[in-house]
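The values are calculated or read from the model by the stated rules, or taken from the named source; none is laboratory data. Quick caveat: nothing in here was measured; it's all calculated off a predicted structure. Please note: Cβ atoms are built from the backbone with ideal geometry, for glycine as well, and neighbour counts cover all protein chains shown. What goes into the accessible areas is simple: the full protein's heavy atoms, side chains included, and nothing from ligands, DNA or RNA. Shrake-Rupley method; radii C 1.70, N 1.55, O 1.52, S 1.80 Å.
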Amino acid sequence: MLVNGKWTADWQPVQATDEKGGFVRQISGFRNWVTPDGSPGPTGTGGFAAEAGRYHLYVALICPWASRTLIARRLKGLDGAISVSVVEPALTDEGWRFGDDRGATPDHLHGLAYAHQLYTRADPAYTGRATVPVLWDRKTDTIVSNESADIVRMLNSGFGPLADDTVDLYPADLRDAIDALNDAIYPRLNNGVYRTGFATTQIAYDEAFRDVFSMLDALEARLADGRAFLFGDRLTETDIRLFVTLVRFDAAYHGLFKCNLRRIADYPALSRYLGGMLAVPGIRETVSIDHIKRGYYSIKALNPTGIVPIGPDLPGLDPVSLTGGAA
């Protein structure tokens, strides 16, 4: 946690709770947007024009929010335009660390040791958590955004001719439906697994647990007709949101986060859907079960011994390394 630009205490998974003892997620502190001509986006200030080689993405392969942005970058064909640095999977007392652990990279731009140093480079008086993803602007030497939902949308539409225009993750005719389903999936499932795992009271845990499995049951019913994606035959940002949680569920959330009523493997339609998403070119390469397991099981509050389980057996999901490209 940074307070006025100073690292103040060992990293902890829970920084705030509600009146029931439930996990409260921090609001993102940087909300600027890349746009084709540099004009201001929906939030923040302007000046961030789409340019090849100007922007750099900092991610953790353990993190579902960061993985959303990696997937969008791949699907939109922006690998050559936006470079990437990957933090180590294990969370340290100072949060995310850069290094040469398998599948991780150094900080290609600044040679920093920790992700929190990016935040104080951008704002020497920053107060808050140092989260990933971070979209960095080389030209102004600052953070554009640390909000994954915004980054996905700017990757989809903010890079103009640099991106593949045959892929639209937020098509105009589906936007209301996408927003509505996002609003259901995020609190109950994407963040619901964290609300379950990091609950500090039984009542908060029970409520979050019910949300997780009622949402999974609803999604199983939605996909039972055999559709390829949530809205039929078109892959959208909502599929990315769902995928990053599903692919981590059996490996981490089911056991470590006490979401143990059922596995994704116990849901026929969700299992088929997960396999279909992994078959989409570019998506499987963003997944490292090795980083996911080592990262989540490094959380001392949940696993003080640091022992990483050998299982589960997840066919077709071998550990992968993602270097993303040097600066």
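Excluding ligands, DNA and RNA, what is the solvent-accessible area per residue of segment 1-109 at a probe of 1.4 Å, expressed in Å²?
40 Å²
Counting only other residues whose beta carbon sits under 12 Å from that of residue 33, what net charge do I get with K and R as +1, D and E as -1?
Here the count lands on -2.
Antiparallel as a % of all DSSP beta bridges within the chain, to the nearest 5?
Percentage antiparallel, nearest 5: 70.
What number, rounded to the nearest 500 deg cm²/dmol, is the helix-based mean residue ellipticity at 222 nm of the chain, given -39500 (n - 2.57) per DSSP H run of at least four residues and division by all its residues?
Computed ellipticity for the chain at 222 nm equals -9000 deg cm²/dmol.
In segment 85-174, carbon and sulfur make up what percent of the accessible area (probe 1.4 Å)?
It is 48 percent, rounded to a whole number.
Considering only the other residues whose Cβ falls under 9 Å of the Cβ of residue 204, what net charge follows from Lys and Arg at +1 and Asp and Glu at -1?
Charge balance near residue 204 sits at -1.
When ligands, DNA and RNA are left out and all protein chains stay put, how many square angstrom of accessible area per residue does segment 134-202 have with a 1.4 Å probe?
I get 39 Å² per residue for this part.
Convex hull over the Cα atoms of segment 153-261, averaged projected area in nm²?
8.0 nm²
Testing the spin-label approximation: label points 7 Å from Cα along Cα→Cβ at residue 123 and residue 218. State their distance in nm.
Distance between label points: 3.3 nm.
Roughly what would the spin-label model give for residue 20 and residue 166, points 7 Å off Cα along C-beta, in nm?
4.7 nm
Please count, across the chain, the pairs of lysine residues with Cα atoms under 25 Å apart that sit 8 or more places apart or on different chains.
Here the count comes out as 6.
How much net charge surrounds residue 224 when only other residues with a Cβ under 13 Å from its Cβ are counted (Lys, Arg +1; Asp, Glu -1)?
0
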